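Encoded as structure tokens, the structure appears first; notes follow it.
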Amino acid sequence: MKSVEMTRGRTFVLALETGESVKGCVESFCRDHSVRCAKVTILGGMQKGSCFVCGPRLENGAEAIPISPLSHTIDAPMEFAGVGTVFPDESGMPVMHLHGSVGRDGGSVTGCFRQSATAWLTLEVVIEELLGDTPVRRFDEEKKVAPLFIE
């Protein structure tokens, strides 16, 4: 385990509207406001057609390398609650990593929300800037993912 101490900076509140990309809005906001690192809390509605990763695909009961993700696409608007982080990639661009749960009519599914997650009605986003030594998301060629790297 490696760690880094960070402190809180600015706090921002965003209201995403129907059809807006969750990842796109958060990352572009962070770029536009020079937020390199942040904790993100999101709640509200997720649009039908939003897709997320809900685990690695297994081959003979074992995780495959490179990692092959299982995905799930929601078939109706759903309630959403999630938390995430923003840390820069190796080129310095902010990248959000968001996990959360969607639910509708008593059922729920949890996963990692990526490119195709879109707001339905409204998504309330709180971005809490983190200041200090900056961890970086480094792409792992073998696994085909970009985990957080701390010196």
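Compute the relative contact order of the chain as a whole-number percentage, counting only Cα pairs closer than 8 Å that sit 6 or more residues apart in sequence.
Relative contact order comes out at 37 percent.
Computed from phi, the 3J(HN,Hα) profile of the stretch 22-38 under the Karplus parametrisation 6.51, -1.76, 1.60 (θ = phi - 60°) reads 5, 4, x, 5, 5, 5, 5, 4, 4, 4, 5, 10, 6, 9, 8, 9, 6 Hz, with x in place of Gly and Pro.
The label-point distance for LEU14 and VAL109, in a model that sets each label 7 Å from Cα toward Cβ, rounds to 2.4 nm. If the segment from SER116 to ARG138 were pulled out straight at 0.36 nm per residue, it would be longer than the present Cα-Cα gap by 5.7 nm.
When Rg and the Kirkwood Rh are both derived from Cα coordinates, the Rg/Rh ratio for the chain amounts to 0.98.
Here the calculated FRET efficiency for VAL4 and ASN60, from their Cβ-Cβ distance with R0 = 30 Å, stands at 0.20, rounded to the nearest 0.05. The stretch 2-55 and the stretch 56-100 have Cα centres lying 14 Å from one another.
Every read-out reported here was derived from the displayed coordinates using simple, explicitly stated rules and does not represent laboratory data. Bear in mind that the values here come from a model prediction, so they are computed numbers and not experimental data. Cβ sites come from the backbone with ideal geometry, for glycine too, and all protein chains shown count toward neighbours.
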